[in-house]
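To start, the structure itself, in structure tokens.
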Amino acid sequence: MLKSATIGGARVLTNAKGFTVYSFAPDTASKSNCNGSCAQYWPPVKGPASAGPGVTGTLATITRSDGSAQASYNGHPLYTYVSDTAPGQAKGNGVNLSGGVWHEVAVSGTAAPAAHSSSSSSSSGGGY
């Protein structure tokens, strides 16, 4: 079951245990591009999944290259991240690994902004 939680100020999807759920930018609505060693670091969320309180997007299932079912949310195949060791962590958000950028999945169904890249846009005039 997928739930919603507020992590780092963003309303995001979590799995039943409260771990943050991620999407992978190179994926499509019907194909995961995270297989092999990638899937060891970013375990796919098994499908089908059910919606818990606050989860209002469209849940579906895709078939992975190994034939297993993976849950998707608003057209994004879903994953967890092995470096998240406790509920409420989002260590994978904004990380560029395995050929693309990972985003925590906002309950609204869009990629949540990367909270970790606190790039305060103080452009110093291009460094002249």
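Annotations for the structure displayed:
- The number of residues in the stretch 9-37 being closer than 18 Å to residue 95 by Cα, touching a strand residue (DSSP E or B) at 6+ places or on another chain (Cβ under 8 Å) and either free of Cβ contacts under 8 Å to residues at least 40 places away in the same chain or not in a strand (DSSP E or B) (or both) comes to 7.
- Subset tally (residues that are surrounded by 18 or more Cβ atoms within 10 Å (Cβ to Cβ), free of Cβ contacts under 8 Å to residues at least 60 places away in the same chain and not in a strand (DSSP E or B)) for the stretch 38-51: 4
- Evaluating residue 94 against the criteria (1) modelled with pLDDT of 95 or more; (2) more than 12 Å from the chain's Cα centre (by Cα); (3) under 15 Å from residue 7 (Cβ atoms) leaves one unmet condition, (2).
- In the stretch 1-28, residue surrounded by the fewest Cβ atoms within 10 Å (Cβ to Cβ) [restricted to those that are farther than 20 Å from residue 96 by Cα and small (Gly, Ala, Ser)]: 9
- Selection within the stretch 57-91: residues that are surrounded by 18 or more Cβ atoms within 10 Å (Cβ to Cβ) and of a type in the set (Gly, Ala, Ser). The member of this set that is modelled with the lowest pLDDT is 57.
The values are calculated or read from the model by the stated rules, or taken from the named source; none is laboratory data. From a predicted model like this one, the values you see are computed outputs, not experimental measurements. Cβ atoms come from the backbone with ideal geometry, glycine included; neighbour counts cover every protein chain shown.
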